[in-house]
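Here's the structure, in structure tokens; my notes come after.
None of the figures in this text is laboratory data; all of them are computed from the coordinates on show. Fair warning: this is a prediction, and the values are worked out from it, not measured in the lab. Ideal geometry is used to build each Cβ from the backbone, glycine not excepted, and the neighbour counts take in all protein chains shown.
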Amino acid sequence: MVMTSNITINNINPDLSILGSHQRFIYDPTDPLVRTQCYNQFVPIVGTNSVNDFELRNFNLAGYRLKNTLASTDTFAFGKFEFQYFVNDADTTGTTIWQYSPGTSTGSHSFYAGNPPSSNNLVLTLDSTAAIFSVPVYGRRVSGLMYFSSNTTATASMVVNTWMKVLGTTTLAATGSEITMPSSNRLTFTTSDSSTSPPTVLITANFTFKNAGAASAATTSFGIYKNGTTLLSPVSPTTIAASSTNLNQVSLSVMTTATTADYFELWTMNTVTNTPGVTVTDGSVSIIGV
């Protein structure tokens with residue numbers, strides 16, 4: 001005689017301790033259908049949701065949570081699903097890493113990044129029609145170029161062995177990406193993904209300069225300054241004559257990282273006091289991502 005019975009458990013201690021490092025559910029090997037189910041019989045009402053939380057906790061009472069939420073206003077009966085992390089036992093709301101939200105016409109997947117992930121760092125939204133990236137996705141390399149053209153403004157009153165920003169009017173090239181020129185002789189990196197390592201950029205300068213007056217012969221150096229405070233290596237020293245007609249050609253390249261709002265400028269230094277200064281007449285400074 002085979003007897004069957006149904007057992008309904010009305011209440012289980014929610015803080016029940018399980019002894020041992022692991023537990024198993026072992027099912028009949030002859031049964032092709034195996035299901036483990038948890039039911040929430042609460043019917044959503046206005047202002048109150050039906051919520052199922054499935055959590056993996058460590059000894060800090062922190063970890064990860066699978067969360068299914070159904071509101072009374074939801075169009076679809078299965079509700080919203082989220083993958084979260086939580087930091088302690090009191091963190092009942094958690095922070096979403098990924099979620100699926102059904103809509104009336106299309107559902108959407110949202111992904112969050114950061115360390116740790118944050119609702120302020122939405123990086124990707126996917127639905128049935130499009131992928132919307134909330135942070136830059138560089139289909140082309142970061143690039144920008146500014147140039148001097150027939151400049152006559154001198155970088156004057158040069159004090160011996162003192163770096164100064166090169167003066168003169170520059171123009172930003174019409175093509176470029178993620179680079180602006182808020183003022184002459186300044187290229188600014190405008191966009192950087194905070195969730196990843198700062199990108200590396202190559203800065204190259206090629207230009208012509210001359211003594212602005214009949215100052216003493218000296219060594220004039222040029223270099224790239226980052227944010228007006230850091231001289232990047234290497235620099236380019238050049239010997240100039242005590243003449244305002246001799247032209248000198250300079251080329252230099254430096255490599256560094258760039259984050260949002262970092263800016264780069266061409267600076268110069270003379271080994272003797274040069275009151276007339278030097279004039280960068282023509283040339284360019286460019287930035288390109290590598």
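Multiplying the residue separation of Ala156 and Val46 by 0.36 nm and subtracting their alpha-carbon distance yields 32.3 nm.
Full extension of the chain between Leu56 and Phe78 gives 5.7 nm of extra length, using 0.36 nm per residue less the Cα-Cα distance. Note that region 201-216 has calculated 3J(HN,Hα) couplings of 10, 10, 10, 10, 10, 9, 7, 10, 9, 8, 5, 6, x, 8, 6, 4 Hz, one per residue in order, obtained from phi through the Karplus relation 6.51 cos²θ - 1.76 cosθ + 1.60 (θ = phi - 60°); glycine and proline are x.
What ranking, highest mean first, results for peptides 211-224, 165-178 when packing means the other Cβ atoms within 10 Å averaged over each residue?
211-224, 165-178
Report the net charge of residues surrounding Asn68, where surrounding means a beta-carbon distance below 12 angstrom and charges are Lys +1, Arg +1, Asp -1, Glu -1. The partial results should precede the final answer.
Working: positive: Arg65, Lys67, Lys80; negative: Asp53, Asp74, Glu82.
Taking every Cβ under 12 Å from that of Asn68, the sum is 0.
What the Cβ-Cβ distance of Cys38 and Asp127 gives, at R0 = 25 Å and to the nearest 0.05, is a FRET efficiency of 0.30.
Along the positive direction of the dipole of the chain (beta-carbon charges: Lys, Arg +1; Asp, Glu -1; about the Cα centre), which of Phe81, Asn185, Asn120 reaches farthest? Selected residue: Asn185.
Write down the Kirkwood hydrodynamic radius of the chain, to one decimal in angstroms, obtained as one divided by the mean of 1/r over all alpha carbon pairs.
Values: mean 1/r = 0.0398 Å⁻¹.
Result for the chain, one decimal place: 25.1 Å.
Excluding same-chain neighbours fewer than eight residues apart, the aspartates and glutamates reachable from Lys165 by a Cα-Cα span under 18 Å are Asp262, Glu265, Asp282. Report note on the peptides 262-272, 240-250, 40-50: ranked by the mean count of other C-beta atoms within 10 Å, highest first, their order is 262-272, 240-250, 40-50. For Gly107, the residues whose modelled amide H falls within less than 5 Å of its own, excluding neighbours fewer than 5 places apart on the same chain, are Ser128. Straight-line reach from Lys80: taking Cα to Cα under 22 Å and skipping same-chain neighbours fewer than 8 places apart, the lysines in range are Lys67.
Using the alpha-carbon positions of region 165-290, Rg (one decimal) and Dmax (whole number) come out as 15.5, 53 Å.
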